[in-house]
1. Rounded to the nearest 500, what is the 222 nm mean residue ellipticity of the chain from helices alone, with -39500 (n - 2.57) per DSSP H run of 4+ residues and division by all residues?
2. What dipole magnitude, in Debye to the nearest 20, does the chain give about its Cα centre under +1 on Lys/Arg Cβ and -1 on Asp/Glu Cβ?
3. For labels at residue 288 and residue 262 in the simple 7 Å Cα→Cβ model, what's the distance in nm?
4. Trypsin sites (Lys or Arg not before Pro) within the range 56-148: which are DSSP loop residues with at most 13 other Cβ atoms inside 10 Å?
5. Can you give the Rg to Rh ratio for the chain, taking only C-alpha atoms and Rh from Kirkwood?
6. Picking from 119, 44, 95, which is most flexible by a Gaussian network model of the chain using Cα springs under 10 Å?
Amino acid sequence: MKATISDNEFYAGLQQLPKPKYPFPDSIHPDFQLQREEYYDWIDKEYIFHSKEAREKHKQHNLTDIAARGCPFLRNLAELRPLASYAADGAMMDDYFDRCSHDEMTEIATRIMALLTGDDPNEPTDNGIFHQFWILRQNVIACEMPERHYKKFLKSLHEVLIGYADERVYYRSNTIPSLPVYLLIREATSGVQPFCKYVAMQKDYRQLPDSVLEHLHIQRLHTICSLMIGIHNDIISLPKELHREEDTMNLVKVLQQEHKTSIKEAYMMALEVHDNYLKEFLILQEHLPSFGQWQDMVRNYVEDLGIMVAGVYAWHTNDTSRYINGGYVEGEYSSK
């Protein structure tokens, strides 16, 4: 991206196009401001390897609000803290390692997972990304997250990291993937599957048995949530990504390539893909299978998956710093 670019050139008329809409309410956790203050402190103490400019931009992005809006019904700050840590550290990590290779990202993912599983129990001596993931595990222990839920959370987080590695192949070669490949990778890199698992920490949902939480109907809803959020992120970040050649993992770019059409036509196609997933979510929500004694709780759980989607979108639409002209944090990692 050029160092300086006018707003007219940056947005290229895309602001006037229709945006995603959700029929779900959005809310925010009552402790979101306290979580923000902790987040600012993380950045000042843990992220000194970032440039001052990058740190100040990250503060403006309020990345922990993604968790506060995505899971607004967690009982207290202690339960919010692990998800907020994942949301903020995951996003900042993705920014920082933006230009690393597939193999480098795989090595990073291996170390992160060892810290999160406890296979490596040693607290990292260096501040930053790895130390924060070690702290995430300590926060999970402190809030007494049930082990079976933590394992689901970790499995989905590992898939996010695999997705980060896989998309680097396309970034490094400046190649736009085919639609099927995009959908596979984007489901992971949207970062939403761990949120779907964490929704079970709200209210009384942790009582739901694995036969419910791992039911194909519920798993499909998780996939749809991941793709809806991934696509609405693509739509919101499109102006920025049109001016960065390596940002190839965007549905609008994928559809433009596949259909040999204009950006605005591809944008409308992407919005249609998103809206079709929303329709599927609503159909599956209306036609839940029989879950016996858990039926009412499952119905409420699925409603809160919708609130999660609306909440993450509310963060995107309320944020006026991350995807604006000059607001994005450029990758600062020196790749091999």
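1. Working: 15 runs with 218 residues, N = 336.
Helix contribution divided over all residues of the chain: -21000 deg cm²/dmol.
2. Details: 35 positive and 50 negative charges, 85 e Å.
Charge dipole, the chain, about its Cα centre: 420 debye, nearest 20.
3. 4.5
4. On the way: sites: 57, 59, 69, 75, 99, 111, 137, 148; in loops: 75, 99.
Loop-located and lightly packed - 75.
5. Working: Rg = 19.2 Å, Rh = 20.4 Å.
Using Cα coordinates only, the ratio equals 0.94.
6. In the Gaussian network model the winner is 119.
Every number here is computed from the coordinates shown, using simple stated rules; none is lab data. A quick note: this is a predicted structure, and the numbers were derived from the prediction, not measured. With ideal geometry, Cβ positions are generated from the backbone for all residues, glycine too; neighbour counts draw on all protein chains shown.
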